[in-house]
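Engineer: Submitted below is the structure of interest, expressed as structure tokens.
The values are calculated or read from the model by the stated rules, or taken from the named source; none is laboratory data. On a predicted model such as this, the values are computed, not experimentally measured, just so you know. Neighbour counts are summed over all protein chains in view; Cβ atoms, including those assigned to glycine, are modelled from backbone coordinates with ideal geometry. In case anyone asks, the SASA skips ligands and DNA or RNA and just uses the protein heavy atoms, side chains included. Shrake-Rupley method; radii C 1.70, N 1.55, O 1.52, S 1.80 Å.
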Amino acid sequence: MKNKLHYFMMLFCISIFANAQLSPTTFSTKNLIANTGDQPYRMTSGDFNSDGHIDLIVTTYGDNTIELYSNDGTGSFSLHSSLTNTLDGITNIKLAQINTSTDSHIDIVACSYNNDKVVWFANDAAGGGTFGTEQVLPFTVNGASGLAIGTIDAGATNDIAVSALDDNTIVWFSNDGTGTFTGPNTIDNTLTSPDAITLVNLNPGPGPGTDSDLDIIAATGQFASTNVVEIFRNNGAGVFTKDASSVGTGLDWITQASPVDYDGDANLDIIVAAPDFVIGSGALFWFEDTGAGFTQTTITTSLGNPAMARMEDLDADGLKDLIVVNGAVDVPGDDLIWFKNNGSGSFGSEQVIDATQSQIYVFEVADFDNDTFLDIATSDYNLDQLNWFENLTYFLSIDDEDKDAFGIYPNPSSDKLNFRSTSSEDFNVSVFNMLGKKVMESTNNVNSSLNISTLESGIYILKLNDFNKAYKFIKQ
């Protein structure tokens, strides 16, 4: 019942947004969250303190810090804590539920290259973001680099997969639900320097040959033009078989190989970031699943060393746009860009978000300020900064569309909304929260105000019932 209710609320909100007009999508200039430890290399996002807001965690390769930044819901971040750890050369971090037999809160998993460790930190019983002491998996992973978490075997708990870059193996560890792991179980020992790995179901169906098992996309990380991207199929019990044909071969240093539906045909494609080891020589590729193998296409960008790409719907049109960052150090030019998705694999021209950073290997996309639009956070490896860029898309008021027809003011407001209109006739308004629940209904005219003083602070949608239009306002 809960799932059905959530589904209908989502449809309701989508219906409201579809009737509202949106401003062009632009982004703010860089907002510095913090100066981090040396060489922030990996980051992840999620609500680690259960307050309903998306927080950030960044790790540093040079100082070996795990820094937790809590979000107050407006995009204002503060250092929540820094986790004491024994890692040396932190190469990856993930948020996941590990001790599910005890609670359902998000825990932290990390690994390190220099001292070959995989560790996890348990969240407190209330999920408040107070993490326990480091728990080290009692296994050596020689050159631990890539990290992926999901249910690998037939159980219901989150297992851990790790690439051992110096051991030329990819292994996984089975979780019993308490955070006690067994293994290692070998996924592959044929690749040279396996690095980036992703767990994904490559056979979701419907149709013959479908399953619910998590497979692996793996890429090697050699500083040479000999890298490959491979697929390993899971039989459901954690036994993997490599596909007969590679996704891609002869590639420069790869930092990412991720599943996407690039062309909107519902087939799972793969996007590969190969920043290379020479400044200006990197490339971004799209590998299309044709059903009989993969075809390789270069995605043209201004970035000399694209290090990561993601597809997310930045302009709220229902299509996932392309976001790319530059892994080059101290090179004048663009650092963070995006391309509008026009559908069917067609994208608009490159749009620059920022050109003031130096060497970005990773970024996160989430609604950090709770305005319904996706923002972007980056970690600057060379400048030791954690930053975010606010998505400035907003719902146009009727006043924006027709200054003589209608307007609401002030916005934001703490107590009342006033109306401006050329008509003196009454109109019906309804107010909904961001879950789609109606919280207020009223009949107003240009000479009356809407009392919103009893609403909790937050973002709401005001719908003009007589005109089938909707507008966002903020209650302070």
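Engineer: Do we have Ser281 as within 25 Å of Gly348 (Cβ to Cβ) and touching a residue at least 12 places away in the same chain (Cβ under 8 Å) here? Quick ask: steps written out before the conclusion?
Structural biologist: Details: within 25 Å of Gly348 (Cβ to Cβ): no; touching a residue at least 12 places away in the same chain (Cβ under 8 Å): yes.
For Ser281, the condition - within 25 Å of Gly348 (Cβ to Cβ) and touching a residue at least 12 places away in the same chain (Cβ under 8 Å) - is not met.
Engineer: Would you call Thr297 in a strand (DSSP E or B), open to solvent by 20 Å² or more (accessible area, probe 1.4 Å) and either farther than 22 Å from Gly333 by Cβ or at pLDDT 95 or above (or both)?
Structural biologist: Against the criterion (in a strand (DSSP E or B), open to solvent by 20 Å² or more (accessible area, probe 1.4 Å) and either farther than 22 Å from Gly333 by Cβ or at pLDDT 95 or above (or both)), Thr297 qualifies.
Engineer: Show the residue pairs meeting these rules: Cβ distance below 7 Å; 6+ apart or different chains; first residue within region 239-254 and farther than 30 Å from Gly304 by Cα; second residue outside any loop (DSSP other than H, G, I, E, B) and hydrophobic (A, V, I, L, M, F, W, C).
Structural biologist: As it stands, the answer is Phe240/Ile187; Phe240/Ile216; Phe240/Phe232; Thr241/Phe232; Lys242/Phe232; Asp243/Ile231, since those pairs meet every condition given.
Engineer: Follow-up question, since we're still on this one. Look at Ala328 and say whether it is among the small types (Gly, Ala, Ser), touching a strand residue (DSSP E or B) at 6+ places or on another chain (Cβ under 9 Å) and closer than 21 Å to Leu374 by Cβ.
Structural biologist: No, not satisfied.
Engineer: If you don't mind, another one. Of the numbered conditions (1) under 25 Å from the mean Cα position of the chain (by Cα); (2) surrounded by fewer than 20 Cβ atoms within 10 Å (Cβ to Cβ); (3) assigned to a strand (DSSP E or B), Ile170 fails exactly one; give the number of that condition.
Structural biologist: (2)
Engineer: Here's something else I'd like to know. Across region 364-387, what is the total count of residues that are part of a strand (DSSP E or B) and open to solvent by 20 Å² or more (accessible area, probe 1.4 Å)?
Structural biologist: Qualifying residue count, region 364-387: 2.
Engineer: Being without any contact (Cβ under 8 Å) to a residue 40 or more places away in the chain and either touching a Gly at 6+ places or on another chain (Cβ under 6 Å) or of a type in the set (Ser, Thr, Tyr) (or both) is the filter here, so list the residues in region 287-338 that pass it.
Structural biologist: Thr290, Thr295, Thr297, Thr298, Thr300, Gly304, Asn305, Pro306
Engineer: Any residue at all in region 425-432 that's among the polar types (S, T, N, Q) and in a loop (DSSP other than H, G, I, E, B)?
Structural biologist: There is no residue in region 425-432 that is among the polar types (S, T, N, Q) and in a loop (DSSP other than H, G, I, E, B).
Engineer: Considering region 226-277 alone, what residues qualify as being open to solvent by 50 Å² or more (accessible area, probe 1.4 Å) and under 20 Å from Asn189 (Cα atoms)?
Structural biologist: Thr226, Arg233, Asn235, Ala237, Val239, Thr241, Lys242, Ala244, Ser245, Thr249, Gly250
Engineer: For the subset of region 420-453 comprising residues that are hydroxyl-bearing (Ser, Thr, Tyr) and within 37 Å of the chain's Cα centre (by Cα), which member is least open to solvent (accessible area, probe 1.4 Å)?
Structural biologist: Selected residue: Ser430.
One line per residue, one yes/no per condition, for (1) of a type in the set (Asp, Glu); (2) in contact with a Leu (Cβ under 7 Å, 6 or more places away or on another chain); (3) modelled with pLDDT under 95:
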site	(1), (2), (3)
Ala156	no, no, yes
Ala161	no, yes, no
Thr169	no, no, no
Asp195	yes, yes, no
Asn203	no, no, yes
Pro208	no, no, yes
Thr220	no, yes, no
Asp243	yes, no, no
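Engineer: Give me the pairs: first residue in region 181-200 and over 18 Å from Gly143 (Cβ atoms) and in contact (Cβ under 8 Å) with a residue 24 or more places away in the chain, second residue open to solvent by 30 Å² or more (accessible area, probe 1.4 Å) and part of a strand (DSSP E or B), beta-carbon distance under 6 Å, and six or more apart or on different chains, which are they?
Structural biologist: Every condition considered, the pairs that remain are Val200/Pro259.
Engineer: Output the residue which, of all residues in region 345-363 that are part of a loop (DSSP other than H, G, I, E, B) and open to solvent by less than 40 Å² (accessible area, probe 1.4 Å), is modelled with the lowest pLDDT. Walk me through it before giving the result.
Structural biologist: Applying the first criterion (part of a loop (DSSP other than H, G, I, E, B)) to region 345-363 yields 345, 355-359.
Going one step further and asking which of them are open to solvent by less than 40 Å² (accessible area, probe 1.4 Å), we end up with 345, 357-359.
Working: Gly345: 88, Gln357: 95, Ser358: 93, Gln359: 94.
Among those residues, the one meeting the criterion is Gly345.
Engineer: Restricting the search to region 303-321, which residues are modelled with pLDDT under 95 and either loosely packed, with under 14 Cβ neighbours inside 10 Å or assigned to a strand (DSSP E or B) (or both)?
Structural biologist: The answer is Gly318, and nothing else.
Engineer: Still on this structure, please answer the following. From Asp263, Asp269, grab the single residue that is within 28 Å of Asp213 (Cα to Cα), touching a residue at least 12 places away in the same chain (Cβ under 8 Å), touching a Pro at 6+ places or on another chain (Cβ under 9 Å) and of a type in the set (Asp, Glu).
Structural biologist: The match here is Asp269.
Engineer: Continuing with this model, one more query. Give region 140-153 a look and list any residue that's open to solvent by less than 20 Å² (accessible area, probe 1.4 Å) and more than 23 Å from the chain's Cα centre (by Cα), or say none.
Structural biologist: Passing the criteria: Val141, Gly143.
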